[in-house]
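Presented below is the structure to which this report refers.
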Amino acid sequence: MSEKIVGGFSGVRPRTGPAGRPVRWARTTEVMGRTPTPVTTPESLTFRSDVTVELVKSSASDADVLFAARVSTAGEQSLDELKKDPERSKGLINYLMRDRHGSPFEHNSMTFFISAPIFVFREFMRHRVGWSYNEESGRYRELQPVFYVPDTARKLVQQGRPGKYVFVEGTPEQHAAVSGTLEESYRQAYASYRKLLDEGVAREVARSVLPVGLYSSMYATCNARSLMHFLGLRTQHELAKVPSFPQREIEMVGEKMEAQWAKLMPLTYAAYNANGRVAP
């Protein structure tokens, strides 16, 4: 019987128990494809190695690109594009992407719910044009004890000099050291956080003891053009003309966002890949 350890849950929000309080999960064991069984640690901390990305709202289609582009020559008649099959005009979408006429790709919207470690959100905030964010607040709610511990697929060792380096597999001993050290640190940090709260210290002060490996959640809204720019920097892809070297954890988020966007705008997505994954 095969067995693998799955780090937490993926693609779903945490369940809630009585009075709406979250059920705290630890690592889960998945056996032969059956539903994972939660295993709770004595300290009720949750250790995850995945990220959650949900598309919660969207107004995005290939037709949005076409009517926006054709207003240049057709004026109000460009609205007729909304009733036509975009497949008939995929050549126009490819032309816009190839020659980098970018503004027609902005007339759409996608809102994602994202749960990931805080250090991922630090990198996210570098993307400002075409993005809107709202994140949960450690000032207004008690932060839940959910922390990031990389699984064995995460490459641990950096080799080479700055600007020219690669990451390689870690040894079993290194993975054990990372997991053990992080989990011990997280337990101490969250115990300190709870101690300060119990002493009556304000949440906005008590949160100072918590590490960037704590999970946070946010809504992120973007359009196709801003998402393409994000993906060009935050994912590695064999079709990319310009190489990128993202941190793996934000790349995990990018991959999930990309999969959702590809379903909404398949012609735009195909043109993006065909033209080297360079945002127009």
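Annotations
- Here TYR95 meets the list (1) over 20 Å from ALA279 (Cβ atoms); (2) out of contact with any Leu (no Cβ under 9 Å at 6 or more places or on another chain) almost entirely, failing just condition (1).
- Qualifying positions in region 46-100 - within 30 Å of LEU143 (Cα to Cα) and either among the aliphatic types (A, V, I, L, M) or over 25 Å from the mean Cα position of the chain (by Cα) (or both): VAL51, VAL53, LEU55, VAL56
- Matching option when the condition is open to solvent by 20 Å² or more (accessible area, probe 1.4 Å), modelled with pLDDT of 95 or more, farther than 25 Å from ILE114 by Cα and not in a helix (DSSP H, G or I), among GLY200, GLY276, GLY180: GLY200
- Filtered residues of region 83-94 (kept if without any contact (Cβ under 8 Å) to a residue 24 or more places away in the chain and open to solvent by 90 Å² or more (accessible area, probe 1.4 Å)): LYS83, LYS84, ARG88
- Any hit, region 114-121, residues being outside any helix (DSSP H, G or I), at pLDDT 95 or above, under 30 Å from LYS195 (Cβ atoms) and open to solvent by 50 Å² or more (accessible area, probe 1.4 Å): no
- The combined condition, being within 30 Å of ASN108 (Cα to Cα), in contact (Cβ under 8 Å) with a residue 60 or more places away in the chain and over 16 Å from the mean Cα position of the chain (by Cα), is not fulfilled by ARG234.
- Condition met for ARG126 (within 20 Å of GLY213 (Cβ to Cβ), charged (D, E, K, R) and not in a helix (DSSP H, G or I)): yes
The values are calculated or read from the model by the stated rules, or taken from the named source; none is laboratory data. Because the structure is predicted, anything quoted here is derived from the model rather than measured. All Cβ positions, even for glycine, are placed from backbone atoms using ideal geometry, and neighbour counts span all protein chains on display. Note: accessible area is taken over every heavy atom of the protein model, side chains too, but ligands, DNA and RNA are not part of it. Shrake-Rupley method; radii C 1.70, N 1.55, O 1.52, S 1.80 Å.
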